[in-house]
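A short worksheet on the structure shown next.
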Amino acid sequence: MISMKEKILEFLKQQDGFISGQRICDELGVSRTAVWKYMNSLKKEGYEIESVTRKGYRLLQSPDLLTTEEILSSMKEACIPGELCCFESIDSTNEEAKRRGESGAPDGSVYVADQQTRGKGRRGKTWISPSGEDVFFTILLRPELPLDCVSMLTLVAASAVAEGIDKVTGQCCQIKWPNDIVLNKKKVCGILTEMNMEIDSIAYVVVGIGINVNRINFGEEIADMATSLKKESGHNIERSVLLSEILTAFFRDYKLFLEKQDLSPFLDYYNKKLVNVDHEVKIIKKDEEIIRTALGINERGELIVQDAEGRKEHIFSGEVSVRGIYGYV
């Protein structure tokens with residue numbers, strides 16, 4: 001349920017100039033006193049709102065906040081089927097989503113943090129999560145799917161993230177199969193999908209996404225392979241707008257994925273975005289490394305690779321890591 005303050009903020013964002021207090025009252029069914037109180041509340045949160053007698057109110061600037069008001073007011077249409085919860089700081093959005101999942105939170109709930117103290121990456125790695133710069137969020141899902149379809153959710157998410165980044169930044173990002181987004185061959189986003197089961201069915205799935213948005217400085221150990229949207233685009237990115245675009249794309253695609261139960265609707269887009277296509281890659285298994293040429297993914301989300309003799313093989317994402325033979329991609 002969108003609050004009245006969120007509705008007023010959305011109303012302000014839709015205007016090119018001033019909007020009268022009376023029009024807000026008439027459109028939203030609230031009193032002039034209530035409008036005045038909501039405007040003051042928004043100003044205290046950092047919104048720069050101009051108030052002029054006989055003209056009304058005008059939004060001049062929004063703070064870079066990851067709040068329910070800011071995220072929902074940035075959406076062109078309501079698309080989040082579950083709850084939306086935002087935190088200034090939390091251990092991990094994936095862990096919070098799991099806690100909520102155990103407590104019965106609905107399908108399509110989203111948990112967002114301005115900072116994580118114990119962010120999680122793939123294969124147990126730590127995801128560095130500073131405050132006020134990046135986007136960290138997890139989507140809780142309760143899909144009615146065969147178990148072998150769950151890993152495809154990572155690729156559905158990657159496609160939505162790529163679409164959102166391109167739309168907001170004007171850049172052309174790429175996907176590094178199966179769970180990273182790259183710009184200029186450096187990582188800007190990682191995706192971690194985890195599942196909880198009940199006997200032989202899915203209890204819930206959490207899809208965690210971390211995006212380097214406005215960060216400039218990276219530690220020496222990752223500086224050669226990591227970047228941010230700000231570093232690549234040259235300007236600050238509104239995090240709430242980016243998140244709203246990604247969530248809109250994701251829930252649209254998630255609905256289609258549940259209908260098809262494969263990646264056929266997204267195959268062309270994903271393969272066009274795949275940074276590894278027609279490049280040699282190093283496939284790292286537990287006890288061996290092999291070099292193959294990546295050809296793209298199939299409708300099951302498996303990476304199709306080919307050896308020097310032209311023999312093809314399908315690689316499942318849970319089995320291996322993939323690197324470029326000369327570096328990260």
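Of the cross-linked pairs LYS37/LYS230; LYS7/LYS44; LYS55/LYS230; LYS7/LYS231; LYS230/LYS312, which ones have a Cα-Cα span greater than 28 Å in the structure shown?
Working: LYS37/LYS230 35 Å; LYS7/LYS44 17 Å; LYS55/LYS230 36 Å; LYS7/LYS231 33 Å; LYS230/LYS312 39 Å.
In this structure, LYS37/LYS230; LYS55/LYS230; LYS7/LYS231; LYS230/LYS312 exceed 28 Å between Cα atoms.
Which of the aspartates and glutamates could be linked to LYS273 by a straight reach, that is with a Cα gap under 12 Å, when you skip same-chain ones fewer than 8 residues away?
GLU163, ASP166, ASP180
Choose one answer from VAL305, VAL30, VAL161: the residue with the largest mean-square fluctuation in a GNM of the chain with alpha-carbon springs under 10 Å.
Of VAL305, VAL30, VAL161, the Gaussian network model singles out VAL30 as fluctuating most.
Return the loop-located trypsin sites (Lys or Arg not before Pro) in the stretch 180-286 (DSSP other than H, G, I, E, B) with at most 16 other Cβ atoms within 10 Å of their own Cβ; answer none if there are none. Display every interim value, and only then the final one.
Values: sites: LYS185, LYS186, LYS187, ARG215, LYS230, LYS231, ARG239, ARG252, LYS255, LYS260, LYS272, LYS273, LYS282, LYS285, LYS286; in loops: LYS185, ARG215, LYS285, LYS286.
Sparse-neighbourhood loop trypsin sites (Lys or Arg not before Pro): LYS185, LYS285, LYS286.
List the relative contact order of the stretch 68-273 as a percent without decimals, with contacts defined as Cα pairs under 8 Å and 6+ residues apart. Before the final figure, lay out each step's value.
Values: 411 pairs, mean separation 45.8, N = 206.
In percent, rounded to a whole number, it is 22.
Need the list of aspartates and glutamates near LYS186 for cross-linking: C-alpha distance under 12 angstrom, and skip anything on the same chain fewer than eight residues off.
The qualifying aspartates and glutamates are ASP224, GLU232.
Within a Cβ distance under 13 Å of ASN236, other residues only, what is the Lys/Arg minus Asp/Glu net charge?
Values: positive: ARG215, LYS230, LYS231, ARG239; negative: ASP64, GLU133, ASP134, GLU232, GLU238.
Neighbour charge sum, excluding ASN236 itself: -1.
Debye sum, Cα scatterers, the stretch 4-61, no solvent: what log₁₀ I/I(0) at q = 0.22, 0.26 1/Å?
-0.79, -1.17
Once the principal axes of the Cα atoms of the stretch 280-324 are found, what is the range along each, listed largest first in whole angstroms?
27, 25, 16
How much of the pair distance distribution for the stretch 68-273 lies past 28 Å, counting alpha-carbon pairs only, in percent? Please list the in-between numbers first.
Values: 4210 of 21115 pairs.
Beyond 28 Å sits 20 percent of the P(r) for the stretch 68-273.
Report the gain in length on full extension from ARG323 to GLU220: 0.36 nm times residue separation, minus Cα-Cα distance, nm rounded to one decimal.
Numbers: separation 103, 0.36 × 103 = 37.08 nm, distance 1.96 nm.
Length gained, ARG323 through GLU220: 35.1 nm.
Reachable aspartates and glutamates from LYS260, Cα under 17 Å, same-chain residues fewer than 8 places away excluded?
Cross-link targets: GLU144, ASP148, ASP268, GLU299, GLU302.
Values quoted throughout were computed directly from the atomic coordinates according to the rules given, and no laboratory measurement underlies them. In this text, all values refer to a predicted model and were calculated from it rather than measured experimentally. Neighbour counts are summed over all protein chains in view; Cβ atoms, including those assigned to glycine, are modelled from backbone coordinates with ideal geometry.
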